[in-house]
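These notes concern the structure reproduced below.
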Amino acid sequence: MIELKNADPNFKWEIIKREGGEGLLKCFGCSDCAASCPVRYFDERYNPRKIIRLTLLGMKKEVLSSPFLWFCAHCHACTERCPQGIMVAEVINAIKNYAAEQDYCPEGYKMQLDLLNKLGRLYEIEDFDLRKREKLGLPPINKIISEVAKILEHTGIIERVHSKNAHANLKSETRNTNE
Amino acid sequence: MKRYALFLGCTVPVRAQHYELSARNVAKELNIEFVEMDDASCCGFPIKAVDAETSLLIAARNISIASTMNLNIVTLCNSCTAMLSDAQKQLKHNEFYKKFKELGFSYPHDVVVKHFVRVLYEEIGLDVLKKAVKKPLNMLKVISHYGCHYMRPSQLHEFDNPEVPHTLDELVTVTGAQSVEYVDKKMCCGGSVLGIDEALAVTMANHKLHTAKNSNVDALISICPFCTVMYEDNQRKAEDKFETQYGIPVLYYPQLLGLSLGLDKNAVGIRFNRVKASALLEKVGVA
Ligand code: SF4
Ligand code: SF4
């Protein structure tokens, strides 16, 4: 059930101002995105149209706390079909970005963020890998690219994702509505 | 001789050396020179879901390396291609460019970002490739998998057909192999959700493995390390979940092309394919 009395009219503006969130207001609810979505084809609990409509309605808690938000494979099948020219996958991504900062970042992503901070890469390069590359005649590669940590520090993303009480407001709101 | 900066990304140089090796050896045969990007990092895509802006800045820094070398970028991974292309477009916007400059990076020359397969199609061309084929693979039937970020979103790539792509099929046909027609060509491998819900990811991968089996192909052709993780590394999981047997080798396109150019099996790193391709090699007559 959608309880409109819990709606937050600012929510959609929070998404629109983010990288990728621009097109949100143009959605007229046709469902072409959902019809083209491969994830939805296999698992009906995920529905891009529903996420976008709930966002427009201001159903912040429902959208941000839903584990299915993260099911989007970012495949852009929806983007190609949207009659309104919305880059649907980018809008969904903007919602994920917002959720990540509201303490809903999946652990796997936090780990990847930490790896990038430490190594500048997703995989630790062992001496074994370098020897294997050499044997195959492949050129050596750097184990650590430290400039990435500088970028992460500059945008402050690690702090935003890890800080527990950043958005205590949303959390207490959530609690109240559950009571 | 054509020269490009080669962007390897995270996965290819440590988890898909056979892809890198075959791409480099095919490039050599075709008179393409790859210049190393020593200080290149992750493309940024893995954390796009956490913060698009940070991932774009990481991508833009990689582009600045090629820009300083005054070279265009060749990529081997679909997601790297999309991420770097996105950043390349963003660099033209003042607001983003300002943030990029604040970090002390520079962008002296405009850089074009292309997937290696797209370079083969657009800049080498089917005619040249056809002439270079020494050992046509007429006995092979394969299924071509494009993956999502090779041509979608079309606003970014402006290449091939986002709904019914055809460039890889044409490139496969040049080798002499038959590329089967099938529905749901644009189906996603599921790679992006592997870390979120493994069962869903494996179900998505299974869809095309099932089509491949029904089409009775010798191999599935991939152009992205993530897609290969889904179709090859997780093939056993799909077999278990759907109680079936696939045993379908997953070859990177440069491996297939390399065999047709007359490269030997070591030069295309066939022994690193996790689903063994010995039956395919036998058919082709490569000992
Ligand atoms: S296809 Fe576009 S307009 Fe239609 S529901 Fe989806 S986002 Fe809205
Ligand atoms: S990008 Fe996400 S919402 Fe769009 S079709 Fe792909 S999985 Fe579905």
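The values are calculated or read from the model by the stated rules, or taken from the named source; none is laboratory data. For clarity, every value in this text was computed on a predicted model and none was experimentally measured. As a convention, Cβ positions derive from the backbone with ideal geometry for all residues, glycine included, and neighbour counts pool all protein chains shown. Remember, those area values only see protein heavy atoms, side chains included, never the ligands or the DNA or RNA. Shrake-Rupley method; radii C 1.70, N 1.55, O 1.52, S 1.80 Å.
Quick notes
- Solvent-accessible area buried by A and B, counting both chains, probe 1.4 angstrom, square angstrom: 5000 Å²
- Tail beyond 20 Å, pair distance distribution of region B:47-193 (Cα, percent): 55 percent
- Length-normalised contact order of chain B in % [C-alpha pairs under 8 Å, at least 6 apart]: 20 percent
- Region B:121-213: GluC sites (Glu not before Pro) in DSSP coil with no more than 14 other Cβ atoms inside 10 Å: B:GLU158, B:GLU163, B:GLU181
- Calculated P(r) tail over 19 Å for region A:7-102, as whole % of Cα pairs: 30 percent
- What region B:2-116 shows is 31 Å² of accessible area per residue, with the surface traced by a 1.4 Å probe over protein heavy atoms.
- Choice from A:ASP129, A:ASP43, A:ASP103 with maximal GNM fluctuation in chain A (Cα, 10 Å cutoff): A:ASP129
- The protein assembly as shown - charge dipole about Cα centre, Lys and Arg +1 at Cβ, Asp and Glu -1, debye rounded to 20: 340 debye
- The longest stretch of chain B left intact once loop-based chymotrypsin sites (Phe, Trp or Tyr not before Pro) with at most 16 other Cβ atoms within 10 Å are removed from consideration, loops following DSSP, is B:1-181.
- Semi-axes of the equivalent ellipsoid for chain A, computed as √(5λ) from the eigenvalues of its C-alpha gyration tensor and ordered from largest down, come to 35, 22, 14 Å.
- Normalised contact order of region B:126-284, rounded percent, pairs of Cα under 8 Å and 6 or more residues apart: 27 percent
- Pairwise label distance in nanometres, A:GLU3 with A:LEU130, each label 7 Å out on the Cα-Cβ vector: 5.8 nm
- Apolar share of the accessible surface for the protein assembly as shown: 49 percent from carbon plus sulfur atoms, 1.4 Å probe.
- Distance from region A:76-97 to region A:98-141 (C-alpha centre basis), Å: 28 Å
- Per residue of B:33-44, other chain Cβ atoms within 10 Å of the residue Cβ number 4 on average.
- Amide H partners (placed H, <5 Å) of B:CYS189, local residues excluded: B:CYS148
- Per residue, the convex hull spanned by the Cα atoms of chain B measures out at 117 cubic angstrom.
- Point-to-point label distance, A:PHE28-B:GLN155, nm (Cα→Cβ direction, 7 Å offset): 1.8 nm
- The mean sequence distance of close C-alpha pairs (under 8 Å, at least 6 residues apart), as a share of the length of chain A, puts its relative contact order at 21 percent.
- As a ratio to 2.2 N^0.38 Å, the alpha-carbon radius of gyration for region B:2-116 is 1.03.
- Calculated accessible area for chain A comes out at 51 Å² per residue, all protein chains present (probe 1.4 Å; ligands, DNA, RNA ignored).
- Dipole-positive endmost among B:LEU200, B:TYR150, B:PRO254 within region B:132-284 (Cβ charges, Cα centre): B:PRO254
- Label separation (B:THR173 vs B:GLU36): 4.0 nm, computed from points 7 Å beyond Cα along the C-beta direction.
- Between the exposed loop cleavage positions of chain A, defined as chymotrypsin sites (Phe, Trp or Tyr not before Pro) in a non-H, G, I, E, B DSSP state with at most 14 neighbouring beta-carbon atoms within 10 angstrom, the longest gap is A:29-122.
- Trypsin sites (Lys or Arg not before Pro) lying in DSSP loop within region B:96-126, provided at most 10 other Cβ fall within 10 Å: none
- Cα-centre dipole for region B:2-116 with unit charges at Cβ (Lys and Arg positive, Asp and Glu negative), debye to 20: 200 debye
- On full extension, the segment bounded by B:ASN266 and B:LYS141 gains 42.8 nm, given 0.36 nm per residue less the C-alpha separation.
- Compactness of the protein assembly as shown was expressed as the Cα radius of gyration divided by 2.2 N^0.38 Å, which yields 0.98.
- For region A:92-151, GluC sites (Glu not before Pro) are listed when DSSP marks them as loop and at most 16 other Cβ atoms sit within 10 Å of their Cβ; the list is A:GLU124, A:GLU126.
- Size of charge dipole - region A:107-160 - debye, nearest 20, with Cβ of Lys, Arg +1 and Asp, Glu -1, no other charges: 180 debye
- Estimated FRET transfer efficiency (B:GLU282, B:LYS134; beta-carbon r; R0 22 Å; 0.05): 0.70
- Between helix A:107-119 and chain A: long-axis angle, C-alpha atoms, 0 to 90°, nearest 10: 40 degrees
- Here B:SER106 and A:ASP114 are evaluated by their C-beta separation; at R0 = 25 Å the FRET efficiency comes out at 0.30.
- 23 Å Cα-Cα threshold exceeded, pairs from B:LYS213/B:LYS241; B:LYS134/B:LYS213; A:LYS110/B:LYS208; B:LYS130/B:LYS265; B:LYS28/B:LYS131; A:LYS50/B:LYS114: B:LYS134/B:LYS213; A:LYS110/B:LYS208; A:LYS50/B:LYS114
- Alpha-carbon centroid distance for the pair region B:63-124 / region B:205-226, whole angstrom: 31 Å
- Radius 15 Å from Cβ of A:CYS30, net charge of other residues (Lys, Arg +1; Asp, Glu -1): +4
- Most positive-pole-ward Cα, A:ASN97, A:ALA34, A:PHE71, against dipole of region A:7-102 from beta carbon charges: A:ALA34
- In region A:107-160, the ratio of gyration radius to Kirkwood radius, Rg to Rh, stands at 1.11 when only Cα atoms are counted.
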